[in-house]
Amino acid sequence: MSTYTFPTIPKTVCLELSGTPVLAASLQGSHWRVKASWAGLLIDVIVGEELSKRRRLALRARFAERALCKSAVLAEARARDLKMGDVGFRFMDFKALLSFIVISEITENLIVKDNSPDIPEVIDRLFTDIVNINRESMADIQDAQIEEMAVNLWNWAVTKRVDFVITEEQKAKLRHVACKLVHMCEGSAASEEAIRRQIFMNMRTGKGWVDVGNAIVADEFFQAAMAGLEQLYVKLMQRSSTEAHATMPKIAVERDLFKVLSYQAESAIAQEDFQRASTCVLRCKDMLMRVPRMAGSLHSLCYNFGVETYQKNKYEESSFWLSQSYDIGKMDESSVEPEMLAKVLRLLATTYLDWDDREYYDKAISAVNLANKEHLNPAGLFLKVKILLKGRTADEELLEAAMEILYLDMSLDFCLNIAKLLVDHERESVGFRFLKIICEHFKSSENIGKAQLLHIHMLLQKKEELLAKEKIEKIIIDHQTGSQLTTELVPCLHNILWKKAAESFEVQDYADALHWYYCSLRFYAFDQMDLDLAKLQRNMASCYLLLEQVEKAKEAVKEAERYDPTNIFTQFYIFKIAILERNSEKALQAITALENLLTAKEQEENDILTDKGSTVMLLSLAAQFALENEQQIVAGKALEYLAQYSEDPQQVLTALKYLFRLVLPNIPQIPESENKKKEMNRLLTCLNTALLKLAQYFDGELLTSDSRTNEAHWFRKIAWNLAVQCDKDPVTMREFFILSYKLSQFCPSDQVILIAQKTCLLMAAAVDLEQGRKASTTFEQVMLLNRALQQIHKCRDIWNLLKETGDFSDDPCETLLLLYEFEVKAKLNDPLLDSFLESVWGLPHLESKTLETIASLAMEMPAYYPSIALKALKKALLLHKKKESIDVLKYSKCVRSLVNLLVPDGAPSAVFHPLEEVWGYFEDALGLISRTEGYPETEILWLMIKSWNTGIFMYNRSKYVSAERWCELALRFLDHLGSLKTIYETQMNVLYSELAEAVDKKKGSLLHEE
């Protein structure tokens, strides 16, 4: 930590800012030690973040070496004046001192490193900190030091540099700081040179603030400049011995005074203070006798004021400034050109005209006459005619003014503009007379066609169509006989004719429109190839169609196709004619051509619109036209393309609605074939488009809630109905159900929607399960089963919501979901299958049919879960038995499934399933047969054969007692057969006798059966 030694100070001094110690000086022996790091802290506080860390550290070091040296003298001087208890050494003085030191350092840094990116921030901080500096706090710092820094800062601000450019506002701020520093050096003993410098700096600083839009700050410097001029004038008078000796210095002072006054006028105008501005300018005007060379600048200043106030519609102020500008300009005609004086007077005349053309008419006409006298200019002549028209001048006087223009040898274009001005102001008689004179005067000019076309245009504008037609006919004849219009004028004539034709078309006068189009057609050569010619033929075809002249329209379109075959409008008219001729095939070709043009990567650019929006618009018109003419197939194709390419969601949905209304009635009549499948796929695509557009609607909230709900309802019902009609194509049916479900998600989740969603997902899951059973590969099967499982989970969520809305005890959804999920898990060999079944077994109201289905699914390939099947069948059989009235048909089927599982065809699995258990099921069945009627005879027969075969099997395994027992059971079933008994009775008795005899023989040779 560096230190600096001062002489002895009698007491401790401490300065504070907001209660925080900033810098402390204390008595230590015979020396006063000031720590430089505290000064570094002050630098951070005052300068802020405008300096980088590296530069701030460097500044601290320099401050320790130099800045404290500068303050040492002041500190010593102040310390001498301190007495015990004196607090005259204030912090604000100290802060001002340090602020000055920091500004000094920053100024040096700016000069040395003038391309730093931190410069804007540094300038802003300089501008902010200058208010903290006062001269009293730096009494021991020499004026020369302050002036040197101010001059360096000023010069740096105005120096042009390539690598870094500061803004005008930043320059104004730097000048501001420099001026403030110079003001600190002011005094009664200031030299003339110092005063002149201060005057110059104040003037330039004030002007800089005016230029950047801060006139209020500028006034402060202009007032300082005025004060400086007064001080300088006094000094000059004091040292001048004679009047002659004082003349030249006085002129110099007056010249500066003139500048300050003009600057003050600019500031006043910026503050919209007309009174102060006019006072300053009039003072300047009075001084022109003494400083005549300043007349030009004052003239320009007043003109600029006039322009600015005119643009703000301050016509009274503008007229004052423009009048002053002209008067001042006349005072020094050597420096102000007549052209400029005329320009001022023309604007003055325009100001009077816009201010009040009646009250100030005479002033306006006088000003423009004077302008034309100063310098004749077409703008002045035109303005004069315009003013005369405002004053309701007589026709003869107007014509005389117009003829004066002609005699002055003005150009044809200018004369035509005058004629048009006269006609536009409802002076047709003068305008047309002058136009005839123009045509005669310029008849030898190659551009005489301009006059002819303007004449035609104005005749049409004034509804003089008969005269216009005569002149057009003459131009056509002249054009065909060699006196042709110039290449530049032919398009102008076409524009006139087409515009008139369009006007007739809009009022449905198609015959008149055709006349004007035909006139245009006569200007085209026979072999001319032009895209505008193709457009002309299409426009004529449109008129012919509206006049029901189809053959002529057909010829016109044929010509248009020859010139521009790939144009979308050409194809549209081909389509319209094909529709009118009932030629569906050609109409479809035209629609396809439109679609091809729409999808083309690059479309030929010409004068007509070929963008996507135009093509989509034509598709919409084509669909409408086909519907109006009952061409449903063509309309359907147009609607399909419209829905495919339109970017307007509402238009797409509307097109799809019309398409479905056209197609749906025909679907039931289409036989099952490849064509029906294609049609269904087409409708699937359309519904997917509707789903996409509805999603866009919901994302952007383009529809009201009711509107979008209605749209979603409409399309979900369409999808549902189409799904129902696909009963022979389950895959397509599933897609329609899924679409119906997705569309229903845009509807409020009321009970109706929840039921629809549940059904859609159940049907889709059922189809996926069925397809999974038929899958040719394991991969395909797994994919289908997993997809089904996803739909089952979604459906279960919906089902849980639905149950909260009412009583659905009769709905089989719960059972179906259970069976579907079990099938998926069983066929996917899900390791969690057992845990899933645990929840199933505990379900109340589980029906026997459900359990039998579980048993069947458990054994359906690729699943193989015999234990699950047995458990399910046993539970099912138990449920059958518990019923008060047993359904013998269902019971018989359940017994058969259970017995078949326990004793499959072939050899019974006695190891795993003891025959005693199986015997019990046979006995139960026999008991039920004995007690009830209606047990299916085929099932009795099956039980008889099964028990007999089991007995034979036991006999073959030398289990004779069991064999005899099972065979006897078979005979007991035989007793309950009806019509079939006679078939099996004899055979069974004979076989049983043989079996009994054989068993007796075997028993004799065996002590035990086993």
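The values are calculated or read from the model by the stated rules, or taken from the named source; none is laboratory data. Fair warning: this is a prediction, and the values are worked out from it, not measured in the lab. Every residue, glycine among them, receives a Cβ derived from its backbone with ideal geometry; neighbour counts consider all protein chains shown. The accessibility values were calculated without ligands, DNA or RNA, using every heavy atom of the protein model including side chains. Shrake-Rupley method; radii C 1.70, N 1.55, O 1.52, S 1.80 Å.
Of the set (1) touching a Phe, Trp or Tyr at 6+ places or on another chain (Cβ under 8 Å); (2) closer than 15 Å to Ser947 by Cα; (3) open to solvent by less than 30 Å² (accessible area, probe 1.4 Å), all apply to Arg896 but (3).
Would you please name the residue that is surrounded by the most Cβ atoms within 10 Å (Cβ to Cβ), looking only at residues in the stretch 159-174 that are at pLDDT below 85 and within 18 Å of Met201 (Cβ to Cβ)? By that ranking, first place goes to Ile166. Filtered by the rule that a residue be over 34 Å from the mean Cα position of the chain (by Cα) and either part of a helix (DSSP H, G or I) or aromatic (Phe, Trp, Tyr) (or both), the stretch 711-734 gives Trp720, Asn721, Leu722, Ala723, Val724, Pro730, Val731, Thr732, Met733, Arg734. For the stretch 637-657, a residue qualifies if it is in a helix (DSSP H, G or I) and crowded, with 19+ Cβ neighbours inside 10 Å, and the qualifying residues are Lys637, Ala638, Leu639, Glu640, Tyr641, Leu642, Ala643, Pro649, Val652, Leu653, Ala655, Leu656. Scanning the stretch 806-851 for residues that are closer than 15 Å to Leu873 by Cβ and either open to solvent by 50 Å² or more (accessible area, probe 1.4 Å) or free of Cβ contacts under 8 Å to residues at least 12 places away in the same chain (or both) yields Glu847, Lys849.
For the stretch 352-396, a residue qualifies if it is open to solvent by less than 30 Å² (accessible area, probe 1.4 Å) and in contact with a Pro (Cβ under 8 Å, 6 or more places away or on another chain), but none of them does. Taken over the stretch 311-351, the criterion of being of a type in the set (Lys, Arg), surrounded by 16 or more Cβ atoms within 10 Å (Cβ to Cβ) and not in a helix (DSSP H, G or I) is satisfied by Lys314 alone.
Sub-9 Å Cβ pairs linking a first residue in the stretch 626-641 that is over 17 Å from Leu664 (Cβ atoms) to a second residue that is modelled with pLDDT under 90 and not β-branched (Val, Ile, Thr), at least 6 apart or interchain, are Ala638/Leu594; Tyr641/Leu594; Tyr641/Glu595; Tyr641/Leu598, ordered by first then second residue.
Report whether or not Thr853 is more than 19 Å from Leu761 (Cα to Cα) and either among the polar types (S, T, N, Q) or touching a Pro at 6+ places or on another chain (Cβ under 7 Å) (or both). Considered against the rule, which asks whether it is more than 19 Å from Leu761 (Cα to Cα) and either among the polar types (S, T, N, Q) or touching a Pro at 6+ places or on another chain (Cβ under 7 Å) (or both), Thr853 comes out as yes. Of the helices (runs of 4 or more DSSP H) lying entirely inside the stretch 873-964, those containing at least 3 residues that are closer than 25 Å to Val999 by Cα and either touching a residue at least 60 places away in the same chain (Cβ under 8 Å) or not small (Gly, Ala, Ser) (or both) span 915-931, 937-956. Restrict the check to the stretch 765-772 and report whether at least one residue is out of contact with any Pro (no Cβ under 8 Å at 6 or more places or on another chain), open to solvent by 60 Å² or more (accessible area, probe 1.4 Å) and not acidic (Asp, Glu). No, the stretch 765-772 contains no residue that is out of contact with any Pro (no Cβ under 8 Å at 6 or more places or on another chain), open to solvent by 60 Å² or more (accessible area, probe 1.4 Å) and not acidic (Asp, Glu). Hey, does the stretch 912-932 have a residue that's surrounded by 19 or more Cβ atoms within 10 Å (Cβ to Cβ) and of a type in the set (Lys, Arg)? No, the stretch 912-932 contains no residue that is surrounded by 19 or more Cβ atoms within 10 Å (Cβ to Cβ) and of a type in the set (Lys, Arg). Residues in the stretch 427-449 include none that are on the phi > 0 side of the Ramachandran plot and either out of contact with any helix residue (DSSP H, G or I) (no Cβ under 9 Å at 6 or more places or on another chain) or open to solvent by 60 Å² or more (accessible area, probe 1.4 Å) (or both). When the residues of the stretch 699-710 are narrowed to those that are surrounded by 14 or more Cβ atoms within 10 Å (Cβ to Cβ) and either assigned to a helix (DSSP H, G or I) or β-branched (Val, Ile, Thr) (or both), which ends up modelled with the lowest pLDDT? Only one residue fits best here, namely Arg708. Could you check how many residues of the stretch 260-278 are open to solvent by 70 Å² or more (accessible area, probe 1.4 Å) and part of a helix (DSSP H, G or I)? Selection size over the stretch 260-278: 2.
Let's see how each residue does on (1) within 24 Å of His441 (Cβ to Cβ); (2) out of contact with any Ser or Thr (no Cβ under 9 Å at 6 or more places or on another chain); (3) modelled with pLDDT under 85:
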| site | (1), (2), (3) |
| --- | --- |
| Phe320 | no, no, no |
| Asp332 | no, yes, yes |
| Val336 | no, no, no |
| Tyr361 | no, yes, no |
| Leu389 | yes, yes, yes |
| Arg392 | no, yes, yes |
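Do the conditions hold for Arg682, that is, is it of a type in the set (D, E, K, R), in a helix (DSSP H, G or I) and surrounded by fewer than 23 Cβ atoms within 10 Å (Cβ to Cβ)? Yes.
If we keep just the residues of the stretch 426-455 that are acidic (Asp, Glu) and free of Cβ contacts under 8 Å to residues at least 12 places away in the same chain, which is nearest to Lys474 (Cα to Cα)? Here the answer is Glu440.
Residue-by-condition table, conditions (1) surrounded by 17 or more Cβ atoms within 10 Å (Cβ to Cβ); (2) modelled with pLDDT under 90:
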| position | (1), (2) |
| --- | --- |
| Leu531 | no, yes |
| Arg538 | yes, no |
| Leu547 | no, no |
| Gln571 | yes, no |
| Ile579 | yes, no |
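The condition (being at pLDDT 85 or above, open to solvent by less than 40 Å² (accessible area, probe 1.4 Å), of a type in the set (Val, Ile, Thr) and in a helix (DSSP H, G or I)) is satisfied by just one residue among Ile476, Ile472: Ile472.
A quick yes/no check of all residues on (1) assigned to a helix (DSSP H, G or I); (2) modelled with pLDDT of 90 or more; (3) open to solvent by 50 Å² or more (accessible area, probe 1.4 Å); (4) under 30 Å from Ser444 (Cα atoms):
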site: Ser483; (1), (2), (3), (4): no, no, yes, yes
site: Thr487; (1), (2), (3), (4): no, no, yes, yes
site: Leu493; (1), (2), (3), (4): yes, no, no, yes
site: Lys499; (1), (2), (3), (4): yes, yes, yes, yes
site: His515; (1), (2), (3), (4): yes, yes, yes, no
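Scanning the stretch 711-753 for residues that are open to solvent by 70 Å² or more (accessible area, probe 1.4 Å), out of contact with any Leu (no Cβ under 8 Å at 6 or more places or on another chain) and under 18 Å from Leu664 (Cβ atoms) returns Lys717, Trp720, Val724, Asp727, Lys728. The single condition among (1) crowded, with 19+ Cβ neighbours inside 10 Å; (2) over 24 Å from Val731 (Cα atoms) that Lys803 does not meet is (1). Among the residues of the stretch 209-216, is any open to solvent by 70 Å² or more (accessible area, probe 1.4 Å) and either at positive phi or modelled with pLDDT of 85 or more (or both)? Yes, the stretch 209-216 contains a residue that is open to solvent by 70 Å² or more (accessible area, probe 1.4 Å) and either at positive phi or modelled with pLDDT of 85 or more (or both). Among residues of the stretch 403-425 that are within 20 Å of Leu460 (Cβ to Cβ) and open to solvent by 30 Å² or more (accessible area, probe 1.4 Å), those with a Cβ under 9 angstrom from a residue that is part of a helix (DSSP H, G or I) and small (Gly, Ala, Ser), sequence gap 6+ or separate chain, pair up as Lys420/Gly431; Asp424/Gly431; His425/Gly431.
State yes or no: is Gln757 more than 22 Å from Phe808 (Cβ to Cβ), open to solvent by 10 Å² or more (accessible area, probe 1.4 Å), assigned to a helix (DSSP H, G or I) and among the polar types (S, T, N, Q)? Here the answer is no, as Gln757 does not meet what is asked.
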